Number of protein chains: 2
Amino acid sequence: MEDSGDSFEQHVVIAGVGLIGGSIAAAVRQRFPTAKVTGIGRDVSKLQQARDAGLLTHTSCDLTPALFEDGPLVVVCLPVHLIADFVISAADVSSPRTLITDAGSVKASICKRLAQFPDAAAQFVGSHPIAGGEQSGFEFADADLFEGRTCVIVPPESHLKAAERVDRVERFWRQIGCIVMPMSAEDHDRVLALTSHLPHIMAAMTTSAVGAENLPLTGSGFRDTTRIAAGNAALWRAILCNNRGPVISAIDSASKLLSEFREALQAEDDSLVERLLQDARTQRISLPQE
Amino acid sequence: MEDSGDSFEQHVVIAGVGLIGGSIAAAVRQRFPTAKVTGIGRDVSKLQQARDAGLLTHTSCDLTPALFEDGPLVVVCLPVHLIADFVISAADVSSPRTLITDAGSVKASICKRLAQFPDAAAQFVGSHPIAGGEQSGFEFADADLFEGRTCVIVPPESHLKAAERVDRVERFWRQIGCIVMPMSAEDHDRVLALTSHLPHIMAAMTTSAVGAENLPLTGSGFRDTTRIAAGNAALWRAILCNNRGPVISAIDSASKLLSEFREALQAEDDSLVERLLQDARTQRISLPQE
């Protein structure tokens, strides 16, 4: 999936070296071993560990102009509620050639906040690589995490030179394995509310409905269905609360379907029960095999 | 997990050689290679294939007294709506030493129907090994499917010699790897409605809520959460419609939780959102690691 005809970034700065940031670092290090990869974080010993693990070539706990002298591509892999403020702070000390993107699961709330900071907005193109897992920490970093995964890019609406910046961000994600898909922030958030945020909520509510005393009688179906409910609650709070409207709509869609299914069962309309299950099955098996 | 002090069944008859029946056969063949394992089914070529695959030593498409001459243990692995009638037919031609059990995901509806056929009921002890997958067919049979899994046994309430029959069934499941748990049919059905039937419905409704056009923007979270929605719709219709009351109650529990979660989001009570996610997370991570 590499664009072998294009040169890669000379310097990639990753803010937040967790599962996603660490996997981006791993993908870059594996594919472009001469590129400089700087990790930014608050915890110097954690950064050092990630460097010792071969994920980073440089580390920093501070945002200084020196970091951005060579006009790097900056990927902000922080929890979604921290992304916009980081972009504002980074843009404040960065060089003109610096381009900032992110990996956050929500887009509109970030774009809305940045709209109040035109200088920062001018250096930013939002992204969302759709990859991850219920685990967190760079210890689970995977150089192939993005291989064949879709990465949504949100082209800015109102800035000069946007095309060049969008191209640069798209090229970056393609070079580490992604299939790039441009989308508006609002469309992204509405779709992701259904494809990612709703499954998390359904997994969590299914877990809570079962009750601790019944866990010994769960099997592999329960395990699969509820696996992502083990994800970090604070990170997910930030995602869901920064995409409130679309998430509420997604819950309403699911509640309506659940209620229709219940009515079919209650009315002993067993053919309808089967048809509703079959509709879901048809859709699920249309996904490419894992 | 084997009870090495106890001798194993000389002859195990398996009615319905799919994923579960095939895995029981595989477990018996691997652990007790001298035991006779007869597969019963409608499709002679499929039975022959299962025999060629080493799962069965004998096959039959008919229920004849000769099958039961040596007083085998019969395990009925048919779809749940067919189990009671099969038990009645088998008991009708079986020898007194024959003991019949099953692997169905519902228990009360089976016991209720058998209560009208005391001769059949006297030869039957219901079971439910909590193991399986979204795939079907003996091709996916796994000799270790039951290793460490809970198997619920439903001791009959009103028959003489029940203790001896219950012991025999318990020993069988332990010998192929299960941890046995006795339970009433009603308790089993109420708990399984939550731990197994509800997750299936939630997975199906999550899939349907997403919409086919949005599938390219799904990730691993969606895949895990909806995996079991790929299960056979007719089999699941039979399970859900034969456990109607408890399943409706389970849906109501989940709907209530979903509605509370929606209200917390709507009211911008973000601490409550996090607490509800954290409650689910705490419960999910309390499950032993896979």
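You can think of it this way: the chain between A:Ala66 and A:Leu287 has 75.0 nm of extra reach, that is 0.36 nm per residue less the Cα-Cα gap.
What is the gain in length, in nm to one decimal, between A:Leu82 and A:Ile179 on full extension, counting 0.36 nm per residue of separation less the C-alpha to C-alpha distance?
Details: separation 97, 0.36 × 97 = 34.92 nm, distance 2.60 nm.
Residue separation times 0.36 nm, minus the Cα-Cα distance, leaves 32.3 nm.
With its label point put 7 Å out from Cα toward Cβ, A:Ser271 sits 5.4 nm from the same residue's point in the other copies, in order from shortest. Output the 0 to 90 degree angle, nearest 10, between the alpha-carbon long axis of helix A:19-31 and the longest principal axis computed from the alpha carbons of chain A. That helix lies at roughly 60 degrees to the long axis.
Between A:Pro246, A:Pro199, A:Pro216, the Gaussian network model of chain A with springs among Cα atoms under 10 angstrom shows the greatest mean-square fluctuation at A:Pro216. Using R₀ = 45 Å, calculate the FRET efficiency as 1/(1 + (r/R₀)^6) where r is the Cβ-Cβ separation of A:Ala115 and B:Asn232; round to 0.05. The computed FRET efficiency comes out at 0.35.
Please go through segment B:92-164 and write out the trypsin sites (Lys or Arg not before Pro) that DSSP classes as loop and that have at most 10 other C-beta atoms within 10 Å. Write down the numbers at each step before the final one.
Details: sites: B:Arg97, B:Lys107, B:Lys112, B:Arg113, B:Arg149, B:Lys161; in loops: B:Arg97, B:Lys107, B:Arg149, B:Lys161.
Here the trypsin sites (Lys or Arg not before Pro) that fit, given the DSSP loop and packing criteria, are B:Lys161.
Within 10 Å of the Cβ of each residue in B:228-235, the mean number of Cβ atoms contributed by other protein chains is 6.
Inter-chain neighbour count for A:239-248: the average number of beta-carbon atoms from partner chains within 10 Å of each residue's beta-carbon is 3. Relative to the other identical copies, A:Ala234 shows label-point distances of 5.2 nm, where the label point lies 7 Å from Cα along the Cβ direction and values run shortest first. By the Cβ-Cβ criterion of under 4.7 Å, the unpaired cysteines of chain B are B:Cys61, B:Cys77, B:Cys111, B:Cys241.
Remark: C-alpha extents of chain A on the principal axes read 69, 42, 35 Å, sorted largest to smallest. Only Cα pairs within less than 10 Å get springs; with that Gaussian network setup on chain B, which residue of B:Gln278, B:Gln49, B:Gln30 has the largest fluctuation? Judging by the Gaussian network model, the answer is B:Gln278.
How high is the relative contact order of chain A, in percent, with contacts defined as C-alpha pairs under 8 Å that are six or more residues apart? Relative contact order, chain A: 17 percent.
Could you tell me what a quarter of the Cα convex hull surface of segment B:52-147 works out to, in nm² with one decimal place? Intermediate values should be presented prior to the final figure.
Details: hull surface 27.1 nm².
Seen from a random direction, the Cα hull of segment B:52-147 projects 6.8 nm² on average.
With label points set 7 Å from Cα along Cα→Cβ, the inter-copy distances at A:Leu215 are 3.4 nm, sorted shortest first.
Taken along its three principal axes, the alpha carbon spread of segment A:159-290 comes to 61, 34, 32 Å, from the longest extent down to the shortest. In deg cm²/dmol and to the nearest 500, what is the mean residue ellipticity at 222 nm of chain B if only DSSP H runs of at least 4 residues count, each as -39500 (n - 2.57), divided by the residue total? Counting only the DSSP helices, I get -14500 deg cm²/dmol.
If R0 is 35 Å, the Cβ-Cβ spacing of B:Ser249 and B:Asp279 corresponds to a FRET efficiency of close to 0.95. How many percent of all Cα-Cα pairs in the protein assembly as shown sit more than 38 Å apart? Tail of P(r) above 38 Å: 41 percent of Cα pairs. Shielding of peptide A:267-273 by partners, expressed as the average count of other chain Cβ atoms within 10 Å per residue Cβ, is 3.
Maximal additional length on extending the B:Glu263-B:Arg97 stretch stands at 53.9 nm, based on 0.36 nm per residue less the C-alpha distance.
Since every read-out is calculated from the coordinates, none of them should be taken as a lab result. Small disclaimer: the values here were computed from a predicted structure and weren't measured. Ideal geometry is used to build each Cβ from the backbone, glycine not excepted, and the neighbour counts take in all protein chains shown.
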